[in-house]
């Protein structure tokens, strides 16, 4: 029995590292570097926000955070087999879609979901 236990233990210790996850992953830890207003649960303190004073930080868009730049939307969508809708040619006024822009968004989304 001791020999059997030794053999099983040896095999497990030898081959367990080979069964480890092969794909690269990212873990976002809950420190101030990982916070951005509206992207963590309500009630938790945030350091970064669109309204942060410039003398405190120049990070005022979530796209400027390290984790946003690392995480790939395409990879996440592929993982869950969800199509990525890359919108284009959106007519805007003051940085927001116009009626024509809204129609363009609707048409592009409908084209993907009706496949």
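Given points 7 Å out from each Cα along the Cα-Cβ axis, report the residue 74 to residue 89 separation in nanometres with one decimal.
A separation of 2.1 nm, rounded to one decimal place.
Under 13 Å from the 7 Å Cα→Cβ point of residue 109, by amide nitrogen: which residues of region 53-87?
Taking a point 7 Å out along Cα→Cβ of residue 109, the residues of region 53-87 whose backbone N falls under 13 Å are 85-87.
Once a ≥ b ≥ c are taken as the square roots of the eigenvalues of the Cα gyration tensor of region 73-115, is the result rounded (a/c under 1.5), prolate (a/b larger than b/c) or oblate (a/b not larger than b/c)? Present the calculation step by step, with values, prior to reporting the outcome.
Values: a/c = 4.34, a/b = 1.89, b/c = 2.29.
Here region 73-115 falls in the oblate category.
Over region 31-115, with a single point scatterer placed on each C-alpha, what log10 of the ratio I(q)/I(0) does the Debye formula yield at q = 0.11, 0.13, 0.15, 0.21 1/Å?
Debye intensities relative to I(0), on a log10 scale: -0.49, -0.66, -0.83, -1.04.
So what is the relative contact order for region 73-115, in percent, with contacts set as C-alpha pairs under 8 Å and at least six apart?
The normalised contact order for region 73-115 reaches 31 percent.
Laboratory data are not the source of any read-out in this text; all were calculated from the coordinates shown. Everything quoted here is computed from the prediction, not taken from an experiment. Glycine also receives a Cβ, built like all others from the backbone with ideal geometry; neighbour counts cover every protein chain displayed.
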